[in-house]
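Encoded as structure tokens, the structure appears first; notes follow it.
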Amino acid sequence: MKEILITLIVNAALILVFSKILPGIQVKSFATAFVVAILMALLNSFVKPLLIFLTFPVTLITLGLFILVINAFLIWLAGQLIKDFKVNGFWPALFMGIFISLANWILGLSLTL
């Protein structure tokens, strides 16, 4: 439980930082970023596996790169569901997904060392 909470806090901080760096992503506050992190965790747990299953042929043809599009769609969907989180288009959502994935990967590597 403690690890999940730490992961959510780190992801909320990443969302807040990247919203300041990337044009097209707007987050009102850390509380909003925390809610976005919770929603993204839920979407990644329940919706993403279904989308990956439904788009498996496309994912296979693109050698897995279509998963980046799925991540961008989930970030855009979170922007539609949360009032104080705005995603203005596909490209900001795509870059946000890439940056958060890379940051989580690097943090995961550093925590296991």
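The values are calculated or read from the model by the stated rules, or taken from the named source; none is laboratory data. Given the structure is predicted, the values throughout are model-derived calculations rather than measurements. Cβ: placed from backbone, ideal geometry, glycine included. Neighbour counts: every protein chain shown.
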Does the range 88-104 include one or more residues that are closer than 19 Å to VAL35 by Cβ, touching a Lys or Arg at 6+ places or on another chain (Cβ under 9 Å), at pLDDT 95 or above and small (Gly, Ala, Ser)? no
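From ALA41, ALA78, ALA31, which residue is among the small types (Gly, Ala, Ser) and crowded, with 17+ Cβ neighbours inside 10 Å?
Values: ALA41 fails: crowded, with 17+ Cβ neighbours inside 10 Å; ALA31 fails: crowded, with 17+ Cβ neighbours inside 10 Å.
Sole residue among the options that is among the small types (Gly, Ala, Ser) and crowded, with 17+ Cβ neighbours inside 10 Å: ALA78.
Could you check the range 68-87 and list, in sequence order, the residues that are closer than 25 Å to MET1 by Cα and outside any helix (DSSP H, G or I)?
ILE82
Quick check on my filter: what residues within the range 44-67 are part of a helix (DSSP H, G or I), of a type outside the set (A, V, I, L, M, F, W, C) and exposed (fewer than 13 other Cβ atoms within 10 Å of the Cβ)? Spell out how you get there, then give the answer.
Initial filter on the range 44-67 (part of a helix (DSSP H, G or I)): 44-54, 56-61, 66-67.
Restricting the remaining residues to those that are of a type outside the set (A, V, I, L, M, F, W, C) gives 44-45, 48-49, 57, 59.
SER45, PRO49, PRO57 - these are the residues of the range 44-67 that are part of a helix (DSSP H, G or I), of a type outside the set (A, V, I, L, M, F, W, C) and exposed (fewer than 13 other Cβ atoms within 10 Å of the Cβ).
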